[in-house]
Structure formats: structure tokens, C-alpha cells
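Reviewing the structure listed below.
The values are calculated or read from the model by the stated rules, or taken from the named source; none is laboratory data. Small disclaimer: the values here were computed from a predicted structure and weren't measured. We place every Cβ from the backbone using ideal geometry, glycine too, and count neighbours over all the protein chains shown.
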Amino acid sequence: MELAPGLHRIGNDLVAAYLVVTDAGVTVVDAGLAGHRRELLAELDAVGRTVDDVRGLVLTHGDTDHLGFAEWLRRDHGVPIHVHAADAARARGEVRPRATWGRVDPRAVARFLTYAARKGGLRTTYVTEVVTVHDGDVLDLPGAPRMVALPGHSPGSVAVHVPAVDAVFVGDALTTRHVLTGRVGPQPAPFTDDPEQALSSLRRLRGLGVRWVLPGHGAPWDRGVEEAVRAVEVAAGR
């Protein structure tokens with residue numbers, strides 16, 4: 001799905017990944033679930049590209065529902081996988097997150113788990129080799145993505161700021177569709193290691209001035225990053 005020139009999403013409001021398409025090639029942000037590989041190939045074909053045009057994959061963090069086709073890209077196509085150093089072990093499957101569920105709506109949970117199962121998300125292929133990145137790094141990839149550390153959801157959560165497409169990819173630093181309750185709109189994400197730290201980290205996004213805020217779960221937000229952060233704070237009771 002094209003969101004704007006050079007900016008594409010695969011997946012849906014339950015689990016999503018993104019493509020930045022430039023003349024220099026393609027940067028993929030997050031890898032969704034294993035079954036999203038077909039959607040990646042279809043989206044590349046729709047814009048006249050192939051997997052050989054993918055120059056790098058950037059992970060917003062190392063959780064399993066963001067790793068889907070990452071190892072396939074690395075192993076079969078030589079695509080480097082970039083992840084913050086603090087989440088490298090998580091992406092390799094050496095460290096597992098703490099799962100705290102909180103309030104749930106059984107219907108929303110069933111919808112998420114059914115979709116994940118259909119997309120191969122019940123088994124994870126971890127990434128064997130990663131390229132570690134740090135806060136403030138600007139990667140030599142299409143769109144020149146800049147890393148903004150947002151610890152909280154996980155120690156190495158990052159936002160990926162790509163001014164070329166007026167977007168920031170936030171992974172699970174926030175969500176616009178809570179997969180456990182079904183609630184929509186910007187809000188704190190579930191399965192967060194340190195909710196207070198995650199909320200505090202979001203303030204680092206203020207001042208980026210971008211239109212698009214793109215989460216790993218939920219609808220794309222196109223009303224600006226400042227408004228998204230304010231909405232999360234309201235949802236959190238701040």
C-alpha cells in the first residue's frame with residue numbers, strides 16, 4: 001500500500017512493516033511476520049523493484065512480531081539487518097521479553113492470534129547476524145534513516161526518522177491499535193518492559209516535525225508527531 005510517494009506499508013492494522021523506496025534502492029523498516037514475505041515481494045513488484053533492490057532492513061526493536069522475514073532477507077539475499085545494540089541479543093533469540101498482558105478483550109486477542117497464526121507468527125526465525133546501531137546514527141541506506149533511541153518498550157527500541165518521506169517509524173514505542181483490547185488511536189503499546197520509561201522516551205520525538213507516525217500495530221497516523229505524542233499522553237492519563 002502506498003501511503004505517499006516513496007512510502008509504503010505491508011501488512012495491516014494488526015501487524016505492519018514499511019518500505020522507503022528511492023532511486024538508490026529500498027530500505028525496509030521491520031519485518032512483520034514470516035508470511036509477510038509474499039506481501040513484501042508483491043509490493044516491490046508493484047513499484048518496479050525486486051528484492052535485489054533492498055539495501056537494508058532496520059528493526060525498531062527485537063520482538064518476534066517484527067522479525068518475520070528478516071533472516072530470510074539476510075541469509076538468502078545478503079541484506080544487512082540493523083538493530084540497536086541493546087536489542088541485538090533479543091533479535092538473535094538469546095533474550096526473551098517479559099510478557100505482561102494487562103487488560104484484554106478476548107475478541108481482540110483472538111483476532112490478533114488468528115492473524116498471527118495465519119501469517120506464520122507462531123514460530124519465529126531469529127536473526128543470526130545483525131549490524132548494531134546506536135542513538136543518533138544516520139545509516140548509509142536509501143532515505144538516510146536516523147536512529148532515535150526510545151528505550152522502554154524494550155531496552156533497544158528506536159524510532160527510525162526518515163525526513164525524505166516525512167515519516168518516523170516507531171515500532172511499539174506507541175500503538176494506534178491495541179492488539180489486546182482493540183482500542184484505536186495513539187496510546188501506550190502492550191507488552192512493554194518499562195511503561196514509564198517508554199512514555200518518557202516518546203518526548204524525544206517532539207520537534208521532528210514529521211507528518212507520518214508509523215507504528216508496528218495500528219493505522220498509519222498522518223496528523224503529525226506532536227499530536228500523536230500528546231494523544232498517547234492523554235491516553236496514559238498524563
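Listing for the model above:
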item	result
Residues within region 176-193 that are touching a helix residue (DSSP H, G or I) at 6+ places or on another chain (Cβ under 9 Å) and surrounded by fewer than 16 Cβ atoms within 10 Å (Cβ to Cβ), tallied	1
Condition broken by Ala31, with the remaining ones in (1) of a type in the set (A, V, I, L, M, F, W, C); (2) in a loop (DSSP other than H, G, I, E, B); (3) in contact with a Leu (Cβ under 8 Å, 6 or more places away or on another chain); (4) more than 25 Å from His161 (Cβ to Cβ) satisfied	(4)
Single residue of Arg49, Arg96, Arg103, Arg75 found to be touching a strand residue (DSSP E or B) at 6+ places or on another chain (Cβ under 9 Å) and basic (Lys, Arg)	Arg49
One residue from Ala159, Ala164, Ala173 being at pLDDT 95 or above, surrounded by fewer than 24 Cβ atoms within 10 Å (Cβ to Cβ), in contact with a Ser or Thr (Cβ under 9 Å, 6 or more places away or on another chain) and hydrophobic (A, V, I, L, M, F, W, C)	Ala164
Residues that are of a type in the set (Gly, Ala, Ser) and either closer than 13 Å to Leu59 by Cβ or touching a Cys at 6+ places or on another chain (Cβ under 7 Å) (or both), drawn from region 150-172	Ser154, Gly156, Ser157, Ala159, Gly171
Top-ranked residue of region 134-149 - restricted to ones that are surrounded by 13 or more Cβ atoms within 10 Å (Cβ to Cβ) and in contact with a helix residue (DSSP H, G or I) (Cβ under 7 Å, 6 or more places away or on another chain), ranked as farthest from Pro163 (Cα to Cα)	Val148
Residues of region 149-158 that turn out to be in a strand (DSSP E or B) and either among the charged types (D, E, K, R) or under 9 Å from Ser201 (Cβ atoms) (or both), as a count	1
Strands (runs of 3 or more DSSP E) enclosed by region 165-238 - at least 2 residues per element that are hydroxyl-bearing (Ser, Thr, Tyr)	175-177
Given (1) in contact with a Gly (Cβ under 8 Å, 6 or more places away or on another chain); (2) under 21 Å from Thr22 (Cβ atoms); (3) not aliphatic (A, V, I, L, M), index of the condition Gly56 fails	(1)
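Condition check ((1) surrounded by fewer than 18 Cβ atoms within 10 Å (Cβ to Cβ); (2) basic (Lys, Arg); (3) more than 23 Å from Arg123 (Cα to Cα); (4) modelled with pLDDT of 95 or more) across all residues:
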{"position": "Gly32", "(1), (2), (3), (4)": "no, no, no, yes"}
{"position": "Leu41", "(1), (2), (3), (4)": "yes, no, no, yes"}
{"position": "Leu44", "(1), (2), (3), (4)": "no, no, yes, yes"}
{"position": "Arg49", "(1), (2), (3), (4)": "yes, yes, yes, yes"}
{"position": "Asp52", "(1), (2), (3), (4)": "yes, no, yes, yes"}
{"position": "Gly56", "(1), (2), (3), (4)": "no, no, yes, yes"}
{"position": "His61", "(1), (2), (3), (4)": "no, no, no, yes"}
{"position": "Leu67", "(1), (2), (3), (4)": "no, no, no, yes"}
{"position": "Ala70", "(1), (2), (3), (4)": "no, no, no, yes"}
